[in-house]
1. Name the residue that is nearest to residue 170 (Cα to Cα), counting only residues in the stretch 103-125 that are modelled with pLDDT of 95 or more and of a type in the set (Asp, Glu).
2. Of everything in the stretch 70-93, what is β-branched (Val, Ile, Thr) and surrounded by fewer than 16 Cβ atoms within 10 Å (Cβ to Cβ)? Give them in sequence order.
3. Looking at the structure I just gave you, is residue 64 at pLDDT 90 or above, within 21 Å of the chain's Cα centre (by Cα) and among the aromatic types (Phe, Trp, Tyr)?
4. Out of all the residues in the stretch 150-175, which are within 11 Å of the chain's Cα centre (by Cα) and farther than 23 Å from residue 113 by Cβ?
5. How many of the residues making up the stretch 94-130 are surrounded by fewer than 16 Cβ atoms within 10 Å (Cβ to Cβ), basic (Lys, Arg) and either touching a His at 6+ places or on another chain (Cβ under 9 Å) or under 27 Å from residue 197 (Cβ atoms) (or both)?
6. Within the stretch 198-210, which residues are part of a loop (DSSP other than H, G, I, E, B) and surrounded by fewer than 16 Cβ atoms within 10 Å (Cβ to Cβ)?
7. Please find, among 74, 52, the residue that is of a type in the set (A, V, I, L, M) and modelled with pLDDT under 90.
Amino acid sequence: MKKMLPVEELARDGRFWRTRFEEQFNDPRTGAQKMRGTYERPEKFSPEQRNAPQAASSLMHGIFMGEIQALEGAGRTCFDFDTGNGDDQAPFEFKLAMARQCWDESRHVEISIKLTEWMGTEIGEFAENTFLYEAACNPDPVMRITGVNRALEGLAIDIFSTMKTFGEQCGDPVMEFCEDWMLADEVTHVKMGSDWLRKLTAGNPERLNRALEFQRVVDKLFSLGGFRSDKDESPVKLARRFRELAGFTDTEIKEIADVAAEAADERIAAMSGQTPAPA
């Protein structure tokens, strides 16, 4: 079997179609409305939101695609690296942790399919972005768990927490239960990433700093210009308590909140033609 499988060779059937991440999110109008030449921040994700059912269905489909890619990425990490302790190797215990994650992700795919049907949509109704799998293609296993488990699975914690609240507000016990179930797993996945980041970089501060800088880049990119932030009015709110359980320190959580605020300011400036204020 081929190692380091490129994203172009992922197996998909005719139901799936893709858009490039750059095409969807580099457009400063994405997730916001351009009115009278000014920028409006994305709306808070709630039952009162305009087009709330479609927004929830789109986000749920995105979660479904993310679960597939998380399964593929964890499986590739088990296979791509020789067993060992070198920078281009992976300890057996680490591979075992990734195999455990595959088990969880496969269950999440099944849950997401059933929840998508419950919400009245179907597979392929929305496009697939392959950014999560692309983060799982890094040749350094430390970068993989930092980009996927710490950054993108961290984003999943925020999204599942938001969707759980959304289900509760809508009076939808099925959505609330499913999101709560998957949220619990995501906390363990992020905690796994936090633990292994520290184990694999023990005695190598330079490698640790490179990994944390990569995480900052991914976190800023996937704050999506204010879509995810620490503010109550943001569509997806930073889930501080669950991130603490997942091994994030108060300083790390503050850094993510600051990065999200910076990304939002930059998008506002891009829309208004202004220069963002220095942090």
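1. 110
2. 83, the sole residue that qualifies.
3. yes
4. 150, 151, 154 - these are the residues of the stretch 150-175 that are within 11 Å of the chain's Cα centre (by Cα) and farther than 23 Å from residue 113 by Cβ.
5. Within the stretch 94-130, residues that are surrounded by fewer than 16 Cβ atoms within 10 Å (Cβ to Cβ), basic (Lys, Arg) and either touching a His at 6+ places or on another chain (Cβ under 9 Å) or under 27 Å from residue 197 (Cβ atoms) (or both) number 2.
6. 202, 203, 204, listed by residue number.
7. When all the criteria are applied, what remains is 52.
Here's the yes/no breakdown for (1) of a type outside the set (Phe, Trp, Tyr); (2) touching a residue at least 40 places away in the same chain (Cβ under 8 Å); (3) in a helix (DSSP H, G or I):
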site	(1), (2), (3)
189	yes, yes, yes
193	yes, yes, yes
212	yes, yes, yes
234	yes, yes, no
244	yes, no, yes
253	yes, no, yes
257	yes, no, yes
263	yes, yes, yes
268	yes, yes, yes
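The values are calculated or read from the model by the stated rules, or taken from the named source; none is laboratory data. As the structure is a prediction and not an experimental result, all values here were calculated from the model. We place every Cβ from the backbone using ideal geometry, glycine too, and count neighbours over all the protein chains shown.
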